[in-house]
Amino acid sequence: MEMEDLKSNWQNATIVEKSESELQKMTRIKNHPTLKRIRTKLIIETISFLLFLVVYYDWFDGYKKPFYANAFLVVSLLFFIANDVVGYFSIEKRIEGSNLKTSLEKYLSKIRLLSTLSLMCTFLYSISILVFFTSVIHFTREKSFIFAGISIIFIQLMFWSQRIWTRWIKKLEQQVSDFKPDEI
Amino acid sequence: MEAEFLKIIHDHQKIIFKICRIYRDSKEDQEDLFQEIVYQLWKSFPSFKGESKISSWVYRISLNTAIAIYRKAKIEINYFEEFPKKFHPSTENEDTENADRLFEVLRKLNDGDKALISLYLEDFSYQEMAEIIGISESNVGVKLNRIKSKLKIILN
């Protein structure tokens, strides 16, 4: 099999042609396979957090908790929402740069930054929840066990999240290194 | 602007289709990638100034999208035992079969090699390949020789 045969097969490959109206649908987020799902998750998460911010003070006796616990919870939740929004728009626009190598390098830097920010926001949010609900309680042996259990769950969630980010980053690093100059 | 964009993509959809076939195994994944590429092309279209050939731009964005997108790890199936299936010089009846085998062979390469070989098979010059990928022309040559050797091993 010669390269010319490969070229010929490549160039003559037949396709199932899509019409312009089918292509037009693909330019809309509502028809996008992954972004639509991410956007829906983002909207639900943001609305839930905002609702929580509106009602938590009455429902979870915010007025009985110290100011620092309330402030920490509100700030960490707002950071979490902001991180979600920034993350969505960063992932939505994948192409930056005039060539493939530069674009991948920029995307890798962006994903590294998002990974760090995401971990920090999840960590802050988890701590703030724990601080809020434990700020006025007297720890007993039983309560300490519950506290430890919840902390372990939060750590586990952060670990899983970080593992996904790490896998993605490693894959992008590999792809960037694929374009590094070969030894002659 | 949308009408112009749709005409361009309609005329160049074969490029997107081929990129999808070498970067994804299943029909469903290929279809998802096709949509993702069209979406990214649409987002990038306002910044396309026509300084490069349209096909170069379509290739660059398509390859970039296919490579950068996050995919969950899948169990890898080793097709090597099924090779070598011999290619035949194309006759009308065997065109589709040969194309299927070609894509199957190209899927064995790493993502970077897939990008370069697809540009080579499309008949881009070394200079154009260097510009799209972002490496020097001499490096395009070195990499292509290495990829061709890999392909010969797979095919024979």
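The values are calculated or read from the model by the stated rules, or taken from the named source; none is laboratory data. This one's a predicted model, so the numbers in the text were calculated from it and none came from an experiment. Quick reminder, even Gly has a Cβ in these numbers, built from the backbone with ideal geometry, and neighbours come from all protein chains shown. To get the accessible areas, we keep the full protein, side chains included, count just its heavy atoms, and leave off ligands, DNA and RNA. Shrake-Rupley method; radii C 1.70, N 1.55, O 1.52, S 1.80 Å.
General observations
- Leading residue at positive end of dipole, the protein assembly as shown (Cβ point charges), from A:ALA82, A:TYR57, A:LEU114: A:TYR57
- Residue list for the range A:81-124, given a label point 7 angstrom along the Cα-to-Cβ vector of A:ILE29 and an amide N cut-off under 17 Å: A:81-95
- Tail weight of P(r) past 22 Å, computed on alpha-carbon pairs of the range A:57-132, percent: 41
- Rg to Rh, two decimals, where the range A:82-184 supplies the alpha carbon set and Rh follows Kirkwood: 1.19
- Note on A:ILE44: accessible area approximately 100 square angstrom, rounded to 10, probe 1.4 Å, nucleic acids and ligands left out.
- Around A:PHE132: net Lys/Arg minus Asp/Glu count, Cβ-Cβ under 12 Å: +1
- The long axis of helix A:35-59 is offset from the longest Cα principal axis of chain A by roughly 10 degrees.
- For GluC sites (Glu not before Pro), the sites in the range A:1-86 that DSSP calls loop and that have at most 16 other Cβ atoms within 10 Å are A:GLU2, A:GLU17.
- Packing-based ranking of A:111-121, A:49-59 yields A:111-121, A:49-59, ordered from highest to lowest mean Cβ neighbour count within 10 Å.
- The mean number of Cβ atoms from other chains found within 10 Å of a Cβ in peptide B:107-119 is 3, as a whole number.
- Beyond 16 Å, the tail of the calculated P(r) for the range B:1-60 holds 41 percent of the Cα pairs.
- Volume per residue of the convex hull around the Cα atoms, evaluated for chain A, comes out as 209 Å³.
- Dividing the Cα radius of gyration of the range A:1-96 by 2.2 N^0.38 Å, with N the residue count, gives 1.94.
- Computed on protein heavy atoms with a 1.4 Å probe, the accessible areas place A:HIS138, B:HIS12, A:HIS32 in the order A:HIS138, B:HIS12, A:HIS32, largest first.
- With respect to chain A, whose longest principal axis is taken over its alpha-carbon atoms, helix A:67-92 is tilted by about 10°.
- Once the Cβ-Cβ distance of A:PHE139 and A:ILE169 is raised to the sixth power relative to R0 = 56 Å, the FRET efficiency obtained is 0.90.
- Globularity ratio of the protein assembly as shown, using Cα Rg and 2.2 N^0.38 Å: 1.24
- For peptide A:12-25, the mean count of partner chain Cβ atoms within 10 Å of a residue's Cβ comes to 6.
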